[in-house]
Amino acid sequence: MSKIEYHLDNFMLYCDSKNLSRKTLSSYEQTLKLFLIYLEKEIKITDINKVKSGQYSTVC
């Protein structure tokens, strides 16, 4: 498991602890996984610390 996947899992656990609906959790997870694939394949980023807030907002 990469560091990014680790943080995704932690975020999903946090969202689950907030009692978000299953559909919301599923949507978050699906969207974030697609974004992670984009970061890893297209931008070559595998370290979450290299992602800056708002840096990729134009691609989404």
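What follows draws every value from the coordinates through simple rules; no lab data is involved. Keep in mind that this is a model prediction, so the values were computed, not measured. Heads up, the Cβs are rebuilt from the backbone with ideal geometry, glycines too, and the neighbour counts pull from every protein chain shown.
Could you tell me which label, among (1) 1.53; (2) 0.94; (3) 1.16, carries the value of Cα Rg over 2.2 N^0.38 Å calculated for this structure?
(3)
Quote the FRET efficiency, to the nearest 0.05, computed for THR46 versus LEU13 with a Förster distance R0 of 30 Å and r equal to the Cβ-Cβ distance.
Result of the calculation: an efficiency of 0.90.
If the chain between ILE37 and LYS3 were fully stretched, how many nm would it gain, using 0.36 nm times the residue separation less the Cα-Cα distance?
Here the segment from ILE37 to LYS3 would lengthen by 10.9 nm.
With +1 assigned to the C-beta of every Lys and Arg and -1 to the C-beta of every Asp and Glu, and no other charges, what is the dipole magnitude of the chain about the Cα centre in debye, to the nearest 20?
Once rounded to the nearest 20, the dipole reads 120 debye.
Please list, in order along segment 24-41, the HN-Hα scalar couplings obtained from phi with the Karplus expression 6.51 cos²θ - 1.76 cosθ + 1.60 (θ = phi - 60°), rounded to whole Hz, x for Gly and Pro.
These are the phi-based 3J(HN,Hα) values: 5, 4, 5, 5, 4, 5, 4, 5, 5, 5, 5, 5, 5, 4, 4, 4, 6, 7 Hz.
Going by how many other Cβ atoms sit within 10 Å of their own, how do ILE45, ILE37, ILE4 line up, fewest first?
Ordered from fewest to most neighbouring Cβ atoms within 10 Å, ILE45, ILE37, ILE4 come out as ILE37, ILE45, ILE4.
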